[in-house]
1. To the nearest 0.05, what FRET efficiency results for Asn178 and Val114 with a Förster distance of 22 Å applied to their C-beta separation?
2. Label Phe81 and Ser212 with points 7 Å out from Cα along Cα→Cβ: what is the distance between them in nm?
3. Using packing as a proxy for protection, rank 70-77, 176-183 so that the peptide with the highest average count of other Cβ atoms within 10 Å comes first.
4. Just to be sure I understand the model, the point goes 7 Å from the Cα along the line to the Cβ. What's the resulting Asp97 to Glu35 distance in nm?
5. Please find the FRET efficiency linking His194 to Arg72, where r is the Cβ-Cβ separation and R0 is fixed at 45 Å, and quote it to the nearest 0.05.
6. For the stretch 147-214, with equal point scatterers placed on the C-alpha atoms only and solvent neglected, what are the log10 I(q)/I(0) values from the Debye formula at q = 0.14 1/Å, to two decimals?
7. Apply the Karplus parameterisation 6.51 cos²θ - 1.76 cosθ + 1.60, with θ equal to phi minus 60°, to every residue of the stretch 99-105 and state each ³J(HN,Hα) to the nearest whole Hz, in sequence, with x for glycine and proline.
8. How big is the Kirkwood radius of the stretch 69-181, worked out from every pair of different alpha carbons and given in Å to one decimal?
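What follows draws every value from the coordinates through simple rules; no lab data is involved. If you're wondering where the values come from, they're calculated on a predicted model, not measured in any experiment. With ideal geometry, Cβ positions are generated from the backbone for all residues, glycine too; neighbour counts draw on all protein chains shown.
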Amino acid sequence: MEMEEVNMVKLHGVGADPYSKRVEMALRIKGIPYEYIEEDMNNKSQSLLNYNPIYKKIPNPPRLLPHHPFERAKVHFWANFIQQELFEAMTRVFVSDGEVQAKAVDEMYGKTKVLEEGMMGFFKETASPPLASVGTENLGLLDILICSIFSTYEAYEEAIGVKVLDTEKSPMVFGWVNAMKELPLVKGLYPPHHELVAMLKAARENRLKASSST
């Protein structure tokens, strides 16, 4: 992400990349004007290389956290779980097949169950009902993470042939995700469904080929 003027932000991102979409969603929540620049990670623009010359990657997103230290610590805990446990499990499903994928799917369902139960407890502790922040100015880091990981679940399911999010197994998370998808700031965040499916299929095929050649 780069800033050329006080009120002008340029965001470099990739259509199916959850990391850059977290930044884009944060900018929308804050009402910060920006210009979105789609990157081809196989042919990175010179501007991206100039602003991130060492790793040559899309920069990491900012965090939206509560002010109270205890509440902030709880959000950090669940943010780490979502990223390090759940998202990693989902990635293993995406980049594998056969028995390896079947094992990864079971792991993903288990992590999603932990999230479902944990979030119910989290909302209870904060005296805030599930989805209370959706549609308000209180959207935060957990909303951004959940949206960036799950809001394209239908495209992922079509691309890999695996059920990612089930309303019966995870009704609260399912409702959370679909409520987020209806927000104006989320609509238009991703490419059209058919384009996203094609991108995911191509990315999966490339990862499977790379794995089979090693």
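1. Working: r = 20 Å, r/R0 = 0.93.
The value I calculate is 0.60.
2. It works out to 3.8 nm between the two label points.
3. Per-residue mean Cβ counts within 10 Å order the peptides as 176-183, 70-77.
4. Placing both labels 7 Å along Cα→Cβ, they lie 4.2 nm apart.
5. On the way: r = 40 Å, r/R0 = 0.89.
Efficiency for this residue pair is about 0.65.
6. For the stretch 147-214, the Cα-only Debye profile gives -0.50.
7. 5, 5, 5, 4, 5, 5, 5
8. Here the Kirkwood hydrodynamic radius works out to 14.5 Å.
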